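Everything on this sheet refers to the single structure shown next.
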Amino acid sequence: MHGAGEAADTAKGGSQMKRRKGFVVAALVAVTVVAAIGLAATAASAQAFAVTSTAFKSSGAIPLKYADTQVPGGQNVSLPLEWTGLPKGTRSVALTMVDKTTPDRFLHWLVINIDPADTKLEEGASLKKMPSFTTEFKNGSGKDGYGGPAPPAGPAHEYEITVWALSIQSMGMTDNAGLKEFESFVQGKVVGKVVMTGTFARPAR
């Protein structure tokens, strides 16, 4: 009798041990899945903020129509741009476009006070169909709004387009503010920023 009872107890204990192991394995799997989801979400969040253009791919050549009118064939049509994944805490968006090749980073476009709900600028929007409440400043040529690429003859210049996510709802800069004033003003107010680049060379005559 004792032998039969001990065998039953052993079988019962083994069954309980298997259940406990099963619970432990299930718990470990659940923790692993949750951790993986968390890491994936973090990675997605870190990679989500991006800027693109339907006119060209980043690091690609900017088409001639977007060049300044002083360039043969240029129409000075402002670039179409779209951004996604604004960081948490963004209260306004700004945009800059500069010529990285020039020593003073010549300013081609400066836009501030874009509402975070507005996530794109349509082709040719400058001075015509900009989102409500935005402000465009003079470019490096002293003209209002967008000024397309117009490098001298020679190697292509590189243009840097930056979308700035800011922690302030409105920027109060003077009417004649330029790139230096902008970059000084946003210090300590940048939630995040993304950059895309494009190249342009003046066509040979």
- What residues of the stretch 90-108 lie in the reach of a label at ASN176, counting those whose backbone N is under 18 Å from a point 7 Å from the Cα along Cα→Cβ? 107
- Note on the structure: With +1 on the Cβ of every Lys and Arg and -1 on the Cβ of every Asp and Glu, the dipole magnitude of the stretch 49-200 about its Cα centre, in debye rounded to the nearest 20, is 220 debye
- Task: Note the full-extension length gain between SER167 and SER184 as 0.36 nm times their separation in residues minus their Cα-Cα distance, in nm to one decimal.
- Result: 4.7 nm
- Within the stretch 51-78, whose backbone N sits under 19 Å from a point 7 Å along Cα→Cβ of LYS129? 52-56, 65-67, 75-78
- Query: Which of the residue pairs LYS100/LYS120; LYS88/LYS128; LYS57/LYS189; LYS65/LYS100; LYS120/LYS143 have a Cα-Cα distance greater than 25 Å in the structure shown?
  - Reply: LYS88/LYS128; LYS57/LYS189
- Positive minus negative residues near MET173 (Lys, Arg vs Asp, Glu; Cβ under 13 Å): -1
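Every read-out reported here was derived from the displayed coordinates using simple, explicitly stated rules and does not represent laboratory data. Keep in mind it's a predicted model, so treat the numbers as computed, not measured. Counting neighbours? That spans all protein chains shown, and the Cβs are built from the backbone with ideal geometry, glycine included.
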